[in-house]
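Here the structure comes first, spelled out in structure tokens, and everything after it is commentary.
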Amino acid sequence: MSQTPVKICLIMHSTRSDNLGVGALTVSEIEIIRGIARDLDRPIAITVMDWQDARTPYVSGPDVTVIDLDGAMMRSPKGFFAIARRADLVIDIGAGDSFADIYGTGRLRRMFLLKALTHLAGTPLVMAPQTIGPFTRRTSRLAARVTMHRSAIVAARDAMSTQAARDLGCDTVIEASDVALRLPYTRPAPRTGGPVKVGINVSGLLVGGGYTGQNEFGLKMDYPGLIRDLIQHFQSHPDGCEVHLVSHVIVRTGRMAGEDDFGASTRLVEEFPGTVLAPAFASPSEAKSYIADLDFFMGARMHACIAAFSSGVPVIPMAYSRKFAGLFGTIGYDRTVDCTTQSADTIREAIIAGYENRLAIKAEADAALVRGLTKLQVYEDALRSLITRKAEH
């Protein structure tokens, strides 16, 4: 075995984000890379350029180095540019859904800068499976077209993103699926008897009316009111359901505090005695391991729903953006409800019907998971081919 490691730099990933969905992407990406390295019998050195969040990193090992990323690091020739030049390849997952201009210009400019520096360094850039678009501004469309054209691999995680990439002239886009389908977790022990465990992921972001409090996601219904109705319904269900409120964005302090699921769930537990408050998880895998022990799940955090879906728990995703229907619909799982177009009554009825038909939904999800993993394998094969070429030099 060659002792020279293949040097891989990860950008727009996070080992310590309060958003466990971004963390799930990172943990899963590293699992994929490590699997390829084992197959090739070649050591790897992974450098994660990470924002300075307060959490303890939930990815570790002698093959992983975490480097703080900030504006100065991005601008300095001795910063990210130098790291990118030393790397054999750079993998950018776009935080899952940030390769779009719907989140404002600041985030997108940082993304374009990191991509441009990678291209300038002459290092192959891999756009890992992510949402692509929408781009509503002409300058954004132009920059997206240029960076995809110059990338070694461009992978979309849904059919809508594939079409968005093709509309921008990227004919080499790979249609894969979300890497978090690979997120490792501890399978629950078999359960006999006891209450039916119903999990509800409460989005602190939607409870607070979005980032600005002005309903910029355009919800057509009263989200907090719907969550209360669902808790009441399942608590009074003749099956004797045990309602678990499950957080997936857990923020103690700082700029993201308004997005905190855990605080919103804590207040609801106080309002509805008998509900179970899931722990403030330390890692994405810990969250998935908890969700895997539930009997039915619903939620507005997409990666909380992916955790349920990929661990065999029947789930109703509650969409606030196109990424939900894009991801799940592309692999033939059509149980998503849409908080931006449907009424609270319509959504409530769909969730209740889903619970009553949860065995059928589980069968649908199991079949869709096979399709998702098959599509994800296309990305893994492309990445393996690129890493193999780098390992041979």
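The values are calculated or read from the model by the stated rules, or taken from the named source; none is laboratory data. Note that this is a predicted model, so its numbers are computed, not measured. Counting neighbours? That spans all protein chains shown, and the Cβs are built from the backbone with ideal geometry, glycine included.
Observations on the structure shown:
- Verdict on residue 308 being in contact (Cβ under 8 Å) with a residue 24 or more places away in the chain and either outside the structural domain of residue 231 (by TED's automatic domain parsing) or in contact with a Phe, Trp or Tyr (Cβ under 7 Å, 6 or more places away or on another chain) (or both): yes
- Test for residue 269: is it hydrophobic (A, V, I, L, M, F, W, C) and closer than 19 Å to residue 358 by Cα: no
- Residue in the stretch 66-89 that is among the small types (Gly, Ala, Ser), in contact with a Pro (Cβ under 7 Å, 6 or more places away or on another chain) and at pLDDT below 95 present: no
- Criterion: in contact with a His (Cβ under 6 Å, 6 or more places away or on another chain) and at pLDDT 95 or above - qualifying residue of 353, 280, 304, 365: 304
- With respect to the conditions (1) free of Cβ contacts under 8 Å to residues at least 60 places away in the same chain; (2) closer than 25 Å to residue 93 by Cβ; (3) surrounded by 14 or more Cβ atoms within 10 Å (Cβ to Cβ), residue 362 falls short on a single one, namely (2).
- For the stretch 206-253, residues that are within 19 Å of residue 276 (Cα to Cα), over 21 Å from the mean Cα position of the chain (by Cα) and not small (Gly, Ala, Ser) total 18.
- Of all the criteria given as (1) modelled with pLDDT under 95; (2) assigned by TED's automatic domain parsing to the domain that holds residue 332; (3) in contact with a strand residue (DSSP E or B) (Cβ under 9 Å, 6 or more places away or on another chain), the one not satisfied by residue 191 is (2).
- Selection of helices (runs of 4 or more DSSP H) fully inside the stretch 18-86 by the criterion of at least 2 residues being outside the structural domain of residue 151 (by TED's automatic domain parsing) returns nothing.
- Within the stretch 383-393, considering residues that are part of a helix (DSSP H, G or I) and charged (D, E, K, R), the one modelled with the highest pLDDT: 384
- Number of positions in the stretch 113-146 that are hydroxyl-bearing (Ser, Thr, Tyr) and touching a helix residue (DSSP H, G or I) at 6+ places or on another chain (Cβ under 7 Å): 4
- Residue 150 modelled with pLDDT of 95 or more and over 17 Å from the mean Cα position of the chain (by Cα): yes
- Extreme residue, modelled with the highest pLDDT, among residues of the stretch 307-323 that are within 22 Å of residue 228 (Cβ to Cβ) and not in a strand (DSSP E or B): 308
- Considering the conditions (1) touching a strand residue (DSSP E or B) at 6+ places or on another chain (Cβ under 9 Å); (2) at negative phi, residue 274 is excluded by exactly one of them, (2).
- All conditions in (1) in contact with a Pro (Cβ under 8 Å, 6 or more places away or on another chain); (2) at pLDDT below 95; (3) not small (Gly, Ala, Ser) hold for residue 217, with the sole exception of (1).
- Residue in the stretch 106-114 that is under 23 Å from residue 306 (Cβ atoms), surrounded by 14 or more Cβ atoms within 10 Å (Cβ to Cβ), out of contact with any strand residue (DSSP E or B) (no Cβ under 7 Å at 6 or more places or on another chain) and of a type in the set (Phe, Trp, Tyr) present: no
- In the stretch 335-382, the residues that are closer than 19 Å to residue 319 by Cα, over 18 Å from the mean Cα position of the chain (by Cα) and part of a loop (DSSP other than H, G, I, E, B): 335, 339, 340, 341, 342, 343
- Failed item in (1) closer than 22 Å to residue 383 by Cβ; (2) surrounded by fewer than 20 Cβ atoms within 10 Å (Cβ to Cβ), with residue 177 passing the rest: (2)
- Test: residue in the stretch 45-55 that is modelled with pLDDT of 95 or more and surrounded by fewer than 19 Cβ atoms within 10 Å (Cβ to Cβ): yes
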